[in-house]
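To keep things clear, I will list the structure first and then write my remarks on it.
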Amino acid sequence: MRSLLQFLARNSFLFLFLALEVVSMILIVNYNNFQRVKFLNSSNRISASIYKTTDDFTAYFKLRKENEELANENARLRTKLQKLQVAEIFGSLDTTRKDTTYQFIPARVINNSVNKQYNYLTINKGALDGIEPDMGIIGPRGVVGVVTNVTDHYSSGPSLLNKRWRVSAKIKKNAYFGSLSWDGSDYQYAQLNEIPFHVELAKGDTIITSGYSSIFPEGILLGVIDDFNHNSGANFYQIKVKLSSNFKTISNVELVKNKHIKEQEKLEILNNND
């Protein structure tokens, strides 16, 4: 307290000067129309600038929450779409049926790589959230990867940019199917294999999941044909596909849970043993 009083005493003239300046400004603004208008205009500009900065700052921190809410809504809509498709197959509009094959669980990517030969993703949900191995990972623009390892709170697996992994794919316009794989070079492109050379192709043709695996439902976007050629004597095209997902910006994803996967895999194992 003594130090504060000494400080005020030493600077009393400065504080008096500042107080008089403030009083003078108030008198000038209150009793002179021109100065009052200028002051109000300046204060409005300053206030508007402060409000804008504050709003931008708040919006930045709300962005993650809004993205998560959008991801949750997308997951609900995808699940509802599955119910509508099942209802259509059974000739009914009853969307309360419990036999929907796929469930979509929103999640967020917390680790990702694109510059290796074998790239992996880490997701912020695990076994306690219902995540299991062999669940597909899709983003806002299509297929991203697959889950292979799961802990209580996290899961991970290869992305589409992994030379060891491939996904069953088909050309949307004619349903010819093959497999989509990555050659380890450019993160924007992959190769569609096993398409016979007699199939009619065009640049820009859409490539989607075939539905012939237990991981992804049919119709999830993979990319579009960027280029193709046919070597003399070969039975299949060499097809270059521009991937729909941008693996350098992926954040919010959905995990695809096939509720009948164990039954399907068991049946397929029996078929392979025949």
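The values are calculated or read from the model by the stated rules, or taken from the named source; none is laboratory data. Since the structure is predicted, the reported quantities are computational estimates derived from the model, not experimental observations. Heads up, the Cβs are rebuilt from the backbone with ideal geometry, glycines too, and the neighbour counts pull from every protein chain shown.
Here are a few things to note about the model shown:
- Restricting attention to segment 212-225, the residues that are surrounded by fewer than 19 Cβ atoms within 10 Å (Cβ to Cβ), under 17 Å from GLN103 (Cβ atoms) and either among the aromatic types (Phe, Trp, Tyr) or touching a Pro at 6+ places or on another chain (Cβ under 6 Å) (or both) add up to 0.
- Evaluation of GLY142 against (1) within 21 Å of ASP227 (Cβ to Cβ); (2) modelled with pLDDT of 95 or more; (3) surrounded by fewer than 19 Cβ atoms within 10 Å (Cβ to Cβ) (one fails), failing number: (2)
- Search result, residues across segment 213-246 that are touching a Phe, Trp or Tyr at 6+ places or on another chain (Cβ under 8 Å), in a loop (DSSP other than H, G, I, E, B) and over 22 Å from PRO140 (Cα atoms): HIS230, ALA234, ASN235, TYR237
- Unmet criterion (only one of (1) under 16 Å from ILE138 (Cα atoms); (2) in contact (Cβ under 8 Å) with a residue 40 or more places away in the chain) for ILE261: (1)
- From the list LYS170, LYS125, the one residue that fits, being in the same structural domain as LYS240 (by TED's automatic domain parsing) and under 30 Å from ILE225 (Cβ atoms), is LYS170.
- Answer residue from segment 234-266, given it is hydroxyl-bearing (Ser, Thr, Tyr) and crowded, with 18+ Cβ neighbours inside 10 Å and is farthest from ASN149 (Cα to Cα) among those: TYR237
To keep it simple, each residue is scored yes or no on (1) modelled with pLDDT under 95; (2) in contact with a helix residue (DSSP H, G or I) (Cβ under 6 Å, 6 or more places away or on another chain); (3) closer than 22 Å to ASN258 by Cβ; (4) not β-branched (Val, Ile, Thr).
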| site | (1), (2), (3), (4) |
| --- | --- |
| ALA107 | yes, no, yes, yes |
| LEU160 | no, no, yes, yes |
| SER181 | no, no, yes, yes |
| THR209 | no, no, yes, no |
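- Only one entry of LYS259, LYS248, LYS203 meets the criterion of being among the charged types (D, E, K, R) and farther than 29 Å from LEU128 by Cα, and that entry is LYS203.
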